[in-house]
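Below is one structure, written out as structure tokens; the observations come after it.
We did not get these values from a lab; they are worked out from the coordinates using the rules stated. This one's a predicted model, so the numbers in the text were calculated from it and none came from an experiment. Please note: Cβ atoms are built from the backbone with ideal geometry, for glycine as well, and neighbour counts cover all protein chains shown.
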Amino acid sequence: MSKNQFNYVNLLLIMLVVLITVFPLVYVKGADFGGADGKAQEAIIELHPEYKPWFNNIWETPSGEVESLLFTLQGAMGAGFVCYYLGYLRGKKSQKECKPDAPN
């Protein structure tokens with residue numbers, strides 16, 4: 001793939017991500033973008049009102065912002081790990097291509 005095609009594909013992917021992100025916010029007015037946890041809790045209460053949780057949280061976050069921060073950090077660390085591993089594999093592959101007579 002030439003550098004010009006590579007830049008075009010990257011630009012196209014960035015535009016697609018922006019479109020996927022903005023579309024629901026613009027065209028779905030008044031929608032509740034709640035998480036799956038709240039919906040699951042509502043469904044459990046509706047189906048089995050006598051249900052009691054098996055255990056309680058060990059630590060309750062001080063606010064929703066702290067909870068969002070921890071969730072974001074967890075996602076960033078996971079993405080960092082995946083990207084590092086993919087880069088490692090790519091580097092290993094390119095190293096083999098440079099030295100075809102090297103042992104594995």
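Mean residue ellipticity, 222 nm, helices only, the chain: the sum of -39500 (n - 2.57) across DSSP H runs of n ≥ 4, divided by residue count and rounded to 500, is -24500 deg cm²/dmol. Sparse packing (at most 12 other Cβ atoms within 10 Å of the Cβ) combined with a DSSP loop state is found for the following chymotrypsin sites (Phe, Trp or Tyr not before Pro) in region 9-104: PHE33, TYR51, TRP54, PHE55, TRP59. Among the listed values (1) -1.04, -1.20, -1.28, -1.29; (2) -0.79, -0.98, -1.08, -1.34; (3) -0.72, -0.89, -1.00, -1.22, the one computed from these coordinates for log10 I(q)/I(0) by the Debye sum over Cα atoms at q = 0.15, 0.18, 0.20, 0.25 Å⁻¹ is (1). Enclosing the Cα atoms of region 63-104 in their convex hull gives a volume equal to 41 cubic angstrom per residue. The GluC sites (Glu not before Pro) of region 50-104 meeting both criteria, a DSSP state outside H, G, I, E and B (loop) and at most 14 other C-beta atoms within 10 angstrom of the site's C-beta, are GLU50, GLU60. Bridgeable lysines around LYS93 (alpha carbons under 21 Å apart, same-chain partners fewer than 8 residues away excluded): LYS3.
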